[in-house]
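What follows is calculated from the coordinates using simple rules that are stated; it is not laboratory data. What you see is a predicted model; the values in this text were computed from it and never measured. We place every Cβ from the backbone using ideal geometry, glycine too, and count neighbours over all the protein chains shown.
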Amino acid sequence: MSHTHAHTHPHTHGHGHPHTHAHSHAHTHAMPRRQFLTAAVGTAAGLAAGLSHRTSFAAEPNTPESGQAWDILIRGGHVVDPSQGLIGRYDVAIRGGKIAQVAPTIDPAGWREVIDVDGRIVTPGFVDLHAHVYEGVSHYGINADKYCLSRGATTVLDPGSAGAQTFPGFRKYVIEVQATRIRALLNISVTGMLTALRGELEDLEHANVERAIQTIEQNRDLILGVKVRCGRGQSGPNDLVAVQRALEAAEAVRLPIMMHITNTVTPIDQLLALLRRGDLLTHSFRRSGTPESADEGILTSEGILRTSAGEALERGVLFDVGHGQGSFSFDTMEMAMRQGVLPHTISSDVHAYNVGEEGPVYDLATTLSKFLYLGLSLDEAVRRTTATPAAALGWDVQIGTLRVGAEGDVAIFDMLDGEHRFVDSYGGERVGRQRLVPWRTIKGGRTYLPQW
């Protein structure tokens with residue numbers, strides 16, 4: 001039996017991003033370098049029921065090969081599992097890569113690995129609905145195992161890095177290689193997000209419905225919907241037609257779409273009206289609500305929720321954060337919250353331009369910490385990174401939960417108290433009192449240390 005009793009010594013580096021050094025004697029798997037209304041958000045089960053009119057669009061999560069998974073006992077953690085209403089001190093047991101038991105006390109005898117976490121925060125593995133991980137091909141691509149898995153996000157959804165032309169390579173060289181559980185939304189553009197030199201939908205010939213349908217049907221186990229980016233730099237004047245084609249493809253395969261909005265040519269009210277129940281709006285809280293950003297997002301120039309946005313929420317459209325380099329504003333979020341509007345899902349939009357020294361994203365744990373500053377409880381914030389995104393994917397029984405029999409995805413965090421500087425996508429700063437910092441992640445019966 002291997003036993004861990006680890007202490008961390010966090011410090012900040014560069015622009016206040018914490019780095020954690022951990023000393024451990026446990027069996028750890030060294031991370032290879034290559035490798036979606038209002039504040040009264042429905043439960044994960046409610047969301048799943050709301051999506052039940054569609055064909056199930058999630059295949060079984062990956063499981064470890066026989067004999068490879070370690071039996072792991074996590075002792076003395078402060079468990080936060082919104083899917084079960086669990087908050088408090090529990091032990092968590094994993095056998096064969098699945099959750100075997102959650103109880104106030106579990107006998108430590110006979111476990112291959114015992115991890116004493118000394119009251120640290122223990123959650124289901126995070127589910128990030130917006131992470132660009134087509135490393136080496138998309139200009140946005142980063143290494144999923146480093147920036148996602150090692151920092152607590154065991155499942156990620158890549159929204160549109162790959163299109164019909166480029167998805168086979170994404171599957172073979174990234175999804176099937178990385179330890180992170182990766183699923184995708186297929187870009188309606190056949191190229192996906194290859195280059196910053198030209199938007200993938202500026203040439204409408206690239207928005208090929210037949211190719212998208214064919215690729216989705218060939219990869220039903222991995223592709224969970226269709227992505228369309230609406231903005232002058234992504235689709236130019238073609239945003240409306242691009243959305244219509246994305247919807248045509250999505251309806252043919254009975255899957256949702258995710259719509260990206262940034263400075264659109266077509267009035268945003270017209271675009272929001274197209275979204276259906278279960279579709280996702282990402283970058284929902286990008287800068288809007290001022291005269292200068294009158295046509296940018298869900299708020300009018302007076303800071304009032306657009307009628308079209310309210311109607312979308314009533315239809316069951318899911319509002320996702322998708323922080324990113326240019327798509328999250330503290331001011332907008334605060335104005336929305338004063339009107340009772342919160343995101344259904346908190347996602348990072350981690351990509352190559354926002355995880356370095358300047359951030360401002362770094363990882364999903366940092367994005368979640370910003371919502372602790374904004375007043376969400378830890379339980380409310382964790383729900384939006386676990387149970388709710390899992391339900392949006394149709395996986396709420398298998399991931400985003402510590403229920404017995406679910407995937408053994410567990411994230412363990414330090415909660416650092418003090419003064420923590422948070423920056424949004426526009427340079428807006430806030431000082432929060434708490435910051436969640438990754439300490440260990442467990443997936444597939446293996447323990448991963450955070451990589452910085």
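A compact table of results
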| read-out | value |
| --- | --- |
| Overall Cα dimensions of the stretch 293-429, principal axis frame, Å, largest first | 48, 39, 28 |
| Gain upon complete extension [K172, E217; 0.36 nm per residue less C-alpha separation] | 14.5 nm |
| Neighbourhood charge, 10 Å Cβ-Cβ cut-off, centred on I74 and excluding it, Lys, Arg +1 and Asp, Glu -1 | 0 |
| Inter-label distance for E314 and Y373, nm, one decimal - labels placed 7 Å from Cα along Cα-to-Cβ | 3.4 |
| Net charge of neighbours whose Cβ lies under 11 Å from the Cβ of S138, counting Lys and Arg as +1 and Asp and Glu as -1 | -3 |
| Förster radius 56 Å - calculated FRET efficiency between Q101 and R232, Cβ distance, rounded to 0.05 | 0.60 |
| Neighbour-count ranking [beta-carbon atoms within 10 angstrom, fewest first] of K98, K227 | K98, K227 |
| Chain lengthening between D118 and Q434 when straightened (0.36 nm per residue, less Cα-Cα) | 112.0 nm |
| Protection proxy ranking, peptides 292-302, 404-414, average beta carbon neighbours within 10 Å, highest first | 404-414, 292-302 |
| Computed E for V241/E380 - FRET, C-beta separation, R0 35 angstrom, nearest 0.05 | 0.35 |
| Stretch gain in nm, segment Y426-R338, where the contour uses 0.36 nm per residue and the Cα spacing is subtracted | 29.6 nm |
| Whole-number percent relative contact order across the stretch 126-392, with pairs defined as alpha carbons under 8 Å at least 6 apart | 17 |
| Pair-distance profile P(r), taking every C-alpha pair of the stretch 121-208, with 10 angstrom steps and integer % | 19, 49, 24, 8, 1 |
| For Y373, Y140, Y90, order by how many other beta-carbon atoms lie within 10 Å, fewest first | Y373, Y90, Y140 |
| Residue order, fewest to most surrounding Cβ atoms within 10 angstrom, among D320, D116, D279 | D116, D279, D320 |
| Modelled FRET efficiency - R0 22 Å, E205 with R254, Cβ distances, 0.05 increments | 0.30 |
| q = 0.10, 0.13, 0.16 Å⁻¹: log10 I(q)/I(0) that the Debye formula gives for the stretch 126-392, counting C-alpha atoms only | -0.43, -0.76, -1.21 |
| Whole-Å semi-axes of the ellipsoid equivalent to the stretch 165-297 (Cα gyration tensor, √5λ, descending) | 25, 15, 15 |
